[in-house]
1. Given the conditions (1) touching a Lys or Arg at 6+ places or on another chain (Cβ under 8 Å); (2) small (G, A, S); (3) free of Cβ contacts under 8 Å to residues at least 60 places away in the same chain, which single one is not true for G279?
2. Report whether or not I242 is of a type in the set (A, V, I, L, M) and either at pLDDT below 95 or in contact with a helix residue (DSSP H, G or I) (Cβ under 6 Å, 6 or more places away or on another chain) (or both).
3. Filter the strands (runs of 3 or more DSSP E) completely within region 1-100 down to those with at least 2 residues that are closer than 30 Å to L120 by Cβ.
4. Here is a list: A272, A277. Which entry is open to solvent by less than 40 Å² (accessible area, probe 1.4 Å) and either modelled with pLDDT of 95 or more or touching a Cys at 6+ places or on another chain (Cβ under 6 Å) (or both)?
5. Against the condition open to solvent by less than 90 Å² (accessible area, probe 1.4 Å) and touching a Pro at 6+ places or on another chain (Cβ under 7 Å), how does N32 come out, does it pass?
6. Can you work out which of the residues in region 161-193 that are of a type in the set (S, T, N, Q) and out of contact with any Leu (no Cβ under 8 Å at 6 or more places or on another chain) is most open to solvent (accessible area, probe 1.4 Å)?
7. Consider region 128-147. How many of its residues are in contact (Cβ under 8 Å) with a residue 12 or more places away in the chain and either in a helix (DSSP H, G or I) or surrounded by fewer than 20 Cβ atoms within 10 Å (Cβ to Cβ) (or both)?
8. Would you mind telling me which numbered condition in (1) in contact with a Gly (Cβ under 6 Å, 6 or more places away or on another chain); (2) open to solvent by 50 Å² or more (accessible area, probe 1.4 Å) K262 fails?
Amino acid sequence: DVVIMLGVVPDFRLDYGRGLPKKAPIITVNRNKKELTQNASMFWSPALTVHSDPCSFYVELSKQLASGITTQKDEWQTWAKGLKAGEAAKETANKQKSLEPALGKGAKVGEELVNPLDLLQKLEETLPEDSILVADGGDFVATCSYIVRPRGPLRWLDPGAFGTLGVGGGFALGAKLVRPNSQVWIIWGDGSCGYSLLEFDTYTRHKIPVIALVGNDASWTQIEREQVPMFQSDVACALDYIHYEKSAEGLGGYGLEITSPKDDIMATLKEAQEQNARGKSVLINALIGKTSFREGSLSV
C-alpha cells in the first residue's frame, strides 16, 4: 500500500530504486535533505518527503497508530501477526539448520567444525541487554545479522554501505569509551580481523576491555561465494586456520578457542564475559565450517 523509507537511500543496495513498487506511494524520511530525493526520477519518485530524524518520526507515527488514528486497526493487527508468524518460521528453520554438520576446507577439509548458526544463536542467548555489537566482516557478519538481535538503537555498529573492512578495532575502542559499563563485542570475520587485531595492544595498555568473536573459516567467504561459481577458482580467497587467540594473548589479551561442535560453546562465551568483567580484553577464535545458509547471496 505504501513504502516508508526511514533514513534509507535508494542507492546500489536497493538497485537505485528499481525494486520499489511502481504504484505504491513512497515516503522518505531523512535528516539529510539531499538524501530525501537521492537518485529520484531515475526509477522512483517520492510522494512525500519529510526532513526529520527517522527515529523521531517513527516514534510519533507509532503513537498515532496506537491512539487509533487509523480506521483499519484490525487489518493492521492481522498484517502484523502475519509478519511475526513469518519471522517465527524463519527462526525455526534457522535453528534446524544450526544442527546440520558444518565442514571445514583446506587443511581441515571434511572435518566437522563449529556450525556458525549454532555459535551465533548461543551468543544471542548470552548477550546482556546493554551490550554493543561492532560488526566487522563479510560472510560471518552477514550471517550474524540474521541471528543476533541488536539490543537497542546505536548498539549495532558496522562498516556502512561501502563495506570498508577494518573498522572493528577502532569502533570498539570508541564504543567502550562512550559506554564503559556496556559489554562491547566485536564480531570479526577472519579476514577483516587482520586489519585491526593489533588494537588489542591498545585495549591492554589503556585498560579498555572488549570481547572479540572471530568466525574463522579460513577464507574470504563473502567473495568466494560468488567468485567460485563465476570463475571456477578461489584464487586470493583462501586463508588458513590461524590461531588468532594466541595473537591476542601476545598483545596482553585473554585468548579462547572453539574448534569443534563437541566443545562447550556456551561455557566458552561465559568465560569470556567473566574475564572481561575482570578487566581483560578477550578474543574467541571459533573455527567454523561451511553451511548452505544464505546460499546464492551476491557479493561480487
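1. (3)
2. No: the conditions fail for I242.
3. Passing ranges, in order: 3-6.
4. A272
5. Taking the combined requirement at face value, the residue does not satisfy it.
6. Restricting to residues being of a type in the set (S, T, N, Q) and out of contact with any Leu (no Cβ under 8 Å at 6 or more places or on another chain), the top hit is N181.
7. 11
8. Status for K262: all satisfied but (1).
The values are calculated or read from the model by the stated rules, or taken from the named source; none is laboratory data. A quick note: this is a predicted structure, and the numbers were derived from the prediction, not measured. Positions of Cβ are generated from backbone atoms using ideal geometry, with glycine treated the same way; all protein chains shown enter the neighbour counts. What goes into the accessible areas is simple: the full protein's heavy atoms, side chains included, and nothing from ligands, DNA or RNA. Shrake-Rupley method; radii C 1.70, N 1.55, O 1.52, S 1.80 Å.
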